[in-house]
1. Taking the Cα-to-Cβ direction at Asn197 and at Thr396 and moving 7 Å from each Cα, how far apart do the two end points lie in nm?
2. Greater than 23 Å separation of Cα atoms is the criterion. Which listed pairs, Lys52/Lys162; Lys117/Lys552; Lys397/Lys592; Lys383/Lys558, meet it?
3. Pull out a ≥ b ≥ c, the square roots of the eigenvalues of the alpha-carbon gyration tensor of the chain, then state rounded if a/c is under 1.5, prolate if not and a/b is larger than b/c, and oblate in the remaining case.
4. Could you check the simple spin-label distance between Glu158 and Ser296, using points 7 Å along Cα→Cβ, in nm with one decimal?
5. Would you work out if segment 51-140 is rounded, prolate or oblate? Take a ≥ b ≥ c from the square roots of the eigenvalues of the alpha-carbon gyration tensor; rounded if a/c is under 1.5, else prolate when a/b is larger than b/c, oblate otherwise.
6. Filter the DSSP H helices in the chain by two things, a Kyte-Doolittle mean of at least 0.0 and an axial alpha-carbon span of 15 angstrom or more, and list the hits by number.
7. Given the -39500 (n - 2.57) contribution per DSSP H run of 4+ residues, what per-residue ellipticity at 222 nm results for the chain, rounded to the nearest 500 deg cm²/dmol?
8. Per 0.36 nm of contour for each residue apart, how much would the distance between Ala207 and Glu114 grow if the chain were fully extended, relative to their Cα-Cα spacing?
Amino acid sequence: MFSKKVNVLIFLSIILLLLIIIGVTKYPSSSPRYDSKKETSYIIPEHANMIKNISTDKAAYHVEEPVKFTAQLTNRHSNGKLIITYYHLGNIIYKQEVKVTDKEAEWVWQPPIEDFKGYFVHVQYTSNTKQDSQTIAVDVSSDWSTFPRYGFLSNFQELSFKEMQSVISRLNRYHINGLQFYDWHYKHHQPLKMENNEPVPYWEDIANRSTSLHTIQTYIQLAHERNMKTMSYNLLYGAFAEAEKEGVKTEWRLFRDQQGHAHDYHALPDEWRSDVFMVNPGNSEWQRYIIDQQKSVYHALPFDGWHIDQLGPRGEVYDFKGNHVAIDDTFRQFLEKIKSETLDKRIVMNAVNQYGQKQIAESPIDFLYTEVWDQYKYYGDLKRIIDENGHYSEGTKNSVLAAYMNYEFSNQPGTFNTPGVLLANSVIFAAGGSHLELGEHMLSKEYFPHENLKIDQSLQSSLIKYYDFLVAYENLLRDNLQEVPILIRSHDRVLFSSHPEQGKVWYFAKQKVNMKVIHFINFADTKSLEWRDTNGSQAEPQERKRLSVQLKESRRVKKVWLASPDIQNGIPVLLSSEQGNEEVRFTIPSLKYWDMVVIEYET
């Protein structure tokens, strides 16, 4: 009798255990929890290579616009399903299931009716025998300028529709929501080559490269279908050597001497069509001339705006009458005039090494754009530029940095050095900026068509995760956060520092309403603190595990969670934490390049 009872109890226990396992599998907790006592805390399984990729139909979405997803699978499936979990920051907001019946699965999601929000999407494939998991992000923003993710195009020769579609599709996967059409034009002072008041079908750019009007038109169309803005590149004050033949007066030019003998110009290779000669951007007649040229561009091509370039400080320069010209002092008035005459068009202007950025920030531009050179050569300088831009704009405009990686290394064919790129992006993204780097290829030089270096599969996979992270957590990275002082203590061998130092983990914190966001960037193994990694020699950081963290915290903490593009593809992980004596303590499960820890307070 006793043995029968034991058997019954054992049987019931097994049934109960199975029900618990099934329940946990079918209905996971609202946020995955990290147990600091266990090493195996990650919920994403090793890829069974069932999901090849996931994509969305657009780079960003307007409010109330549905999101269309496509999952490409490796084989045909008839008994599998996708379990899709949608996150906003650290919280699950929605779940759905999609039955898999073929090599491709499609579904639609209607995000909450809120503007300027980022979401993380976890897609799990499951069948009787296999599991796989991938992630992607969604940006719901009616205006690209709030969270700009800027890319470029630089090849406008005759291309097939399939080639152009492939380029835009790849950029869409990185959620690039704006494109700079670099050197698409005929001449700086005459962007379109016209005959009989119509643009011609072909012309040569300044470097004698063939340019197709149809290619430009098609790229604009394909970009617009993905909710990407298209920006027409040109200088603010450039003209060809013989521009007088097309109405540019000599009296408008800038000179190196007060006598008007030595024209100020930017020398280019001899085989190119012309050097670029500087025109006084403060001259009202030149302003009228180039604005009219830009209006002609808009009449012929549906660009969304003008990406305005400059060449930085020119030293002592003079107008035709011998008066000294402070070029940066002309920017604000000129930009305001451009906007007043092209109200429905966007403006972005390059501040070379921050030259004129204060005046640009006070102008009607969409966001702040800085081309970074060796005056700002260290990782800390990247953050300093973004902080400075926030100060200039009083927190109203976000930043994009044109920062060219592996500069000297790209003088010969090769592949980008992954650690250098990911460390630079970690700093830029954590500081609240975005990186102009992606187009038909990845940038390594200021002349965008230069493409000696390729992106290998490892870097491509990492970049997708990093850009997903930038989008999913945009409300904690770029959404009006204020930097706050913080002091980290730890008993681990890894050293922490509040400023970038070799051999240490750099940390800084920002705060928003009831959240404190702490960034940890791993410089413990760096060969240099120069962000450009110009020779492609930056070392891959070792992954540090179980880092204990203590910091002063008087406010009552609700929860502590972590997200990283290097952990679980960016899915939020709830951390165990303790609070007492005005201090909070937690353990970071691992740190490779960059971790973000979020402390949420009780309201």
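Coordinate-derived values only; no laboratory data. Predicted model only: the values in this text are computed from it and were never measured. Here Cβ is always computed from backbone atoms with ideal geometry, including for glycine, and neighbour counts include all displayed protein chains.
1. Here the modelled spin labels are 4.0 nm apart.
2. Working: Lys52/Lys162 21 Å; Lys117/Lys552 30 Å; Lys397/Lys592 30 Å; Lys383/Lys558 29 Å.
Distance filter (> 23 Å) returns Lys117/Lys552; Lys397/Lys592; Lys383/Lys558.
3. Numbers: a/c = 2.40, a/b = 1.76, b/c = 1.37.
Prolate, since a/c reaches 1.5 and a/b exceeds b/c.
4. Each label point lies 7 Å from its Cα, and together they span 2.5 nm.
5. Working: a/c = 2.40, a/b = 1.84, b/c = 1.30.
Note, shape of segment 51-140 comes out prolate.
6. Details: long enough: 2-26 (36 Å, 2.00); 161-173 (18 Å, -0.60); 213-225 (18 Å, -0.09); 284-300 (24 Å, -1.13); 331-341 (16 Å, -0.88); 379-392 (20 Å, -1.16); 418-431 (20 Å, 1.55); 457-472 (22 Å, 0.33).
Span-like helices here: 2-26, 418-431, 457-472.
7. Numbers: 10 runs with 132 residues, N = 603.
Taking each H run of at least 4 residues, the total per residue is -7000 deg cm²/dmol.
8. Working: separation 93, 0.36 × 93 = 33.48 nm, distance 4.59 nm.
Gain on extension, Ala207 to Glu114, equals 28.9 nm.
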